[in-house]
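Quick notes on the structure that follows.
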Amino acid sequence: MTKRQGWMMVESSTRHRRVLLQIDAATHCEETVGAAIDIAARLGGELHGLFIEDADLVTVGDLDFIREFRFSSPVAHQLDRLTLEGQLRAMARSIQRQLERAGSRRKVTVGFRAVRGDLWRLEKETHDDADLVIIESTGRLHSRNYRGQLVTRRGVLAVKCPTLLLKGGQRLAPYVTIICDSVDSVDHGLQAVRALLGAQWKSITLLPFCLTEQEQAEILRIATKLSEASDQATNENDRIHMMDPVNDDGNNVLNILTPDNCVVVMKTGGKFMNNSAQLEPLLTSRHPLFFIQ
C-alpha cells in the first residue's frame, strides 16, 4: 500500500501500547484517571502515572513571611517545608492507590513515579517512548509549573508523540472534530482518533480550514470512501460529518464547534497552530484537545 492511498491508511493495524499520564498537585480529577484507564484498557496497553511535585511550592516552606489561609480557620498559618513535603508525598500515594485500584478493575498494568520540579525533564526518555501522553489542564496559560510550560503553543509544538490535553472535571466525550488544515491532517487525524480514542465514524466531524478547492475535494473523497467502506455506514447519519469550510483567520472556530465538549484534533505545525491567537482560545476552553504529529 502506498502513501498516496491515504484513505486506506487509517485502517492500519498500528498498536499503541504505552500511555503516560502526567499529574501535579494542582488538580488530579477522577475523570482524568478514568479516561486514562479507559484508553489504556481499550488499547490493551500499560498506563504509567508521573506525579510532578512543584519545587516552588516546597521552597515557600523556607520563607518566614509566607502564610497560609484555610477555609476552616480565619487565622493565618505559617508553612514549613517538612509539612509541605509530607503533604505532597501523601498526595502522590493517594493518586498511586487510585490508579492501581482503577487498573486492577480494568486489568490494566499500572506504573507510578513521583519526581520533583524540573527533574521531570529527566524523564524525557519515558516521555518520548510513550504512544500517548495525557495531561490534565486547568485551562490557565503561562503557569510556571510543568503543565503551564507544556500547555502553550510552544509546548505543544515541541511534543514528539500524540498528546491528549484533558480539561478537569469532565469525562471524555465521544465526539471528535478534526481541524483539517491539510490533507495529511485528515489522514493522520482519522488514524489517531480511531486507534487511540476509539471514535466511531458517526462521531467524527471534519472542519476544513483555509484549504483550496482541490484540497477540500480530496478530504471529501477520503471521508466518503471511509464511510462507504464502514459496516456502520448504513445511512447518512452513521457517516463522517463535514462542516462548512472556514477560510478566515480562524478566530471564530471556537464559536462553531459542537458539541461544546467535543475533542478537538489539531496537527502540530499546521496552518491553524501557526497563529497563537487561534490556539489560545481553545487552550482555555472546555474542549479537550488532541495534538497529533
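The values are calculated or read from the model by the stated rules, or taken from the named source; none is laboratory data. As the structure is a prediction and not an experimental result, all values here were calculated from the model. With ideal geometry, Cβ positions are generated from the backbone for all residues, glycine too; neighbour counts draw on all protein chains shown. Accessible surface areas use protein heavy atoms only, side chains included; no ligands, DNA or RNA. Shrake-Rupley method; radii C 1.70, N 1.55, O 1.52, S 1.80 Å.
Listing for the model above:
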| read-out | value |
| --- | --- |
| For Ser185, net neighbour charge (Lys/Arg +1, Asp/Glu -1) across residues whose Cβ lies under 13 Å away | -3 |
| Separation in nanometres of the label points that stand 7 Å from Cα toward Cβ, at Asp80 and Glu68 | 1.2 |
| Accessible area of segment 61-117 divided out per residue, in Å², using a probe of 1.4 angstrom | 72 |
| Nearest-0.05 FRET efficiency for Gln216 and Glu100, computed from C-beta distance (R0 51 Å) | 0.60 |
| Rounded accessible area per residue of segment 242-293, 1.4 Å, Å² | 42 |
| Residue order for Lys107, Lys267, Lys225 - accessible surface, 1.4 angstrom probe, largest first | Lys107, Lys225, Lys267 |
| Length released on extending from Gln293 to Asp56, taking residue separation times 0.36 nm less the Cα-Cα span | 82.1 nm |
| Nonlocal amide H pairs with Gly49, under 5 Å, H built at 1.01 Å | Leu21, Gly111, Phe112, Arg113 |
